[in-house]
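For reference, the structure discussed in these notes is given below.
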Amino acid sequence: SLLELFLLAVGLSMDAFAVSVCKGLSVHRGSMKQALTVGSWFGGFQALMPFLGYLLGITFSSLITSIDHWIAFVLLAFIGFNMIREARSDEENESNDRFDFKTMLPLAVATSIDALAVGFPAGKIVPAVSFIGCITFLLSAIGLKAGNIIGAKNRSRAEFAGGLVLILMGIKILLEHLGVISF
């Protein structure tokens, strides 16, 4: 149903939303172009991953499911540690202010790789992934702006907190998939 699809889309987009907020903490001025860029990366990958999972079938999807939590953990921890390091440095460093391929690709993969295992009936895959991509696009763009507003006054503290949140998200994803915790 549409309600179930909406709830699935919101659930899948929560990691992207949280990372968008963290990204927003690190930018000096959250512009519409930056919000559209973040929304496009995260929404695009959130739509692409279940579609790829559908195309590649159950076999490949089960292989990815066995390691996706490690991939997400490593990417989020690496990015989080870099944010903390930059927040603690005395010099003004704007590397988190970038929205280029090298910066956005790891974030987009880390927030969407778990969607590879989401299954849809054959006739509904394109509308479903389109809807998921649109919801993620919207929430990610809003997240970037919200993070920018929150971080405007205390950028280095906010960037430190954002890095810590990314690391904790990576740990949470890892522990959930290892069965240590459940949410």
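The values are calculated or read from the model by the stated rules, or taken from the named source; none is laboratory data. In this text, all values refer to a predicted model and were calculated from it rather than measured experimentally. Cβ placement follows ideal geometry from the backbone for every residue including glycine, while neighbour counts extend to all protein chains displayed. When the accessible area is computed, the model is the full protein with side chains, heavy atoms only, and any ligands, DNA or RNA have been set aside. Shrake-Rupley method; radii C 1.70, N 1.55, O 1.52, S 1.80 Å.
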Given (1) more than 18 Å from residue 114 (Cβ to Cβ); (2) assigned to a helix (DSSP H, G or I), number of the condition residue 28 does not satisfy
(2)
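Determine, yes or no, whether residue 20 is modelled with pLDDT of 90 or more, open to solvent by less than 20 Å² (accessible area, probe 1.4 Å) and under 16 Å from residue 162 (Cα atoms).
When the stated conditions are applied, residue 20 passes them.
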Can residue 112 be described as at pLDDT below 90, open to solvent by 30 Å² or more (accessible area, probe 1.4 Å) and of a type in the set (Ser, Thr, Tyr)?
no
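Confirm whether residue 39 is small (Gly, Ala, Ser), under 12 Å from the mean Cα position of the chain (by Cα) and open to solvent by 20 Å² or more (accessible area, probe 1.4 Å).
Details: small (Gly, Ala, Ser): yes; under 12 Å from the mean Cα position of the chain (by Cα): yes; open to solvent by 20 Å² or more (accessible area, probe 1.4 Å): no.
Spelling it out, it is not the case that residue 39 is small (Gly, Ala, Ser), under 12 Å from the mean Cα position of the chain (by Cα) and open to solvent by 20 Å² or more (accessible area, probe 1.4 Å).
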Under the condition of being loosely packed, with under 14 Cβ neighbours inside 10 Å and not hydrophobic (A, V, I, L, M, F, W, C), which residue from the stretch 50-84 is modelled with the lowest pLDDT?
59
Looking only at the stretch 169-183, which residues are touching a residue at least 40 places away in the same chain (Cβ under 8 Å) and surrounded by 14 or more Cβ atoms within 10 Å (Cβ to Cβ)?
169, 170, 171, 173, 174, 176, 177
Report yes if some residue within the stretch 158-166 is closer than 28 Å to residue 67 by Cβ, modelled with pLDDT of 90 or more and crowded, with 20+ Cβ neighbours inside 10 Å; otherwise report no.
no
Collect the residues in the stretch 27-36 that are open to solvent by 10 Å² or more (accessible area, probe 1.4 Å) and closer than 16 Å to residue 157 by Cα, keeping them in residue-number order.
28
